[in-house]
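Structure, as structure tokens:
Each reported figure results from applying straightforward, stated rules to the coordinates on display, with no laboratory input. Note that the structure is predicted; figures quoted are calculated from it, not measured. Counting neighbours? That spans all protein chains shown, and the Cβs are built from the backbone with ideal geometry, glycine included.
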Amino acid sequence: MTSNLLDELAPSRPRNNFVMGLLRFSKNPLAVIGSVILIFFVLVTAFARQIAPYDPNLQVMKDRLKPPSAQYLMGTDKLGRDVLSRSIMACQVSLTIGLFAMLISMVVGVGVGVIAGFYGGVLDNVLMRITDLFLSFPIFFLLLTIAAVFGPNITTIILMLGLTSWGSTARIMRGMVLSIRETSYIEAARSIGVKNSRIIIRHVLINSLSVITVTATLMVAYAILVEGGLSYLGLGVQPPTPSWGNMMADGRDVLRIAWWPSLVPGAFLLVVVIAFNLLGDGLRDFFDPAKAIFK
């Protein structure tokens, strides 16, 4: 009976909401394009070793700096390695870092935001001041310092990206929870003795799913972009493991005579980041009909 009462008081969720959301999503051509691109790159990531035409670390010095051709579709770098094969393997590395960093960031950010917004009071003030502290630091320079102290490797990059980029998510979630906790169905749940943990899981998190999903997609793009910057500066993924950032760094020395070692991985990075942002816009339309671009 308690469950039925809360379901009646909670915002209605018609069965066709998902279908309507898909229709709104499909009417945003940029979001559809972004989704198709990401599906393509996910498949490339999953089957990277099968797709790559050559061993990404194989050096053929007689073929160094070969321009794009039938043999090497994207040319070779200064060590005679196939740029396309390395870009494909770098896709696997960059997406893995982006996804795991996003998961850590979202767990921390959503947790802090929900606790601060739901319980309020002193706990809210303490958590928000800690959040302000993280937001006040120039994150990229903080990451450079951490990488220099602890050494650049994939695990360190994932952890430091995830544990330093949760501040904005916490702020967004706190605002969302503050608006949800004053609704009638939350008050009804409290009045009949429903535990706070059940209220948070069953009502607060479920009704914040749109914000969480959109924020997560943008966080992946952010993590991939920052990882590329760190690797370009030599404090991210270390050679010979390919990363779009360290590939661009390797190619800058020969940029005047060979554009492809830098341009190809840079294009991969650009397309993936834009695709995640387009997907975020599409998910916004999926969850919120009021913000749909095309009605």
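Data overview
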read-out: Relative contact order of region 2-291, defined on C-alpha pairs under 8 angstrom at six or more residues apart (%); value: 27 percent
read-out: Lysine pairs in the chain with Cα atoms under 25 Å, if 8 or more residues apart or on separate chains; value: 4
read-out: Debye, to nearest 20: dipole size of region 169-295, +1 on Lys, Arg Cβ, -1 on Asp, Glu Cβ; value: 540 debye
read-out: Net charge contributed by nearby residues that have their C-beta within less than 13 Å of Ser168 (K/R +1, D/E -1); value: +1
read-out: Dimensionless Rg/Rh of region 2-291 - Kirkwood Rh, Rg from C-alpha atoms; value: 1.07
read-out: 5 angstrom amide H check on Thr76, placed H, neighbours 5+ away; value: Leu65, Lys66, Val83
read-out: Estimated dipole of the chain in Debye, rounded to 20 [Cβ of Lys and Arg +1, of Asp and Glu -1, Cα centre]; value: 260 debye
read-out: The chain, helix-only ellipticity at 222 nm - DSSP H runs n ≥ 4, -39,500 (n - 2.57), divided by all residues, nearest 500; value: -22000 deg cm²/dmol
read-out: For region 79-89, 3J(HN,Hα) per residue [Karplus equation, 6.51 cos²θ - 1.76 cosθ + 1.60, θ = phi - 60°, Hz, x = Gly/Pro]; value: 9, x, 8, 5, 5, 5, 4, 5, 5, 5, 5
read-out: Positive-end residue, the chain charge dipole about Cα centroid, Cβ charges, pick of Val110, Thr131, Ala189; value: Ala189
read-out: Whole-Hz ³J(HN,Hα) from phi, Karplus 6.51 cos²θ - 1.76 cosθ + 1.60, for region 50-67, glycine and proline x; value: 7, 7, 4, x, 9, 5, x, 9, 6, 9, 10, 4, 5, 9, 5, 6, 6, x
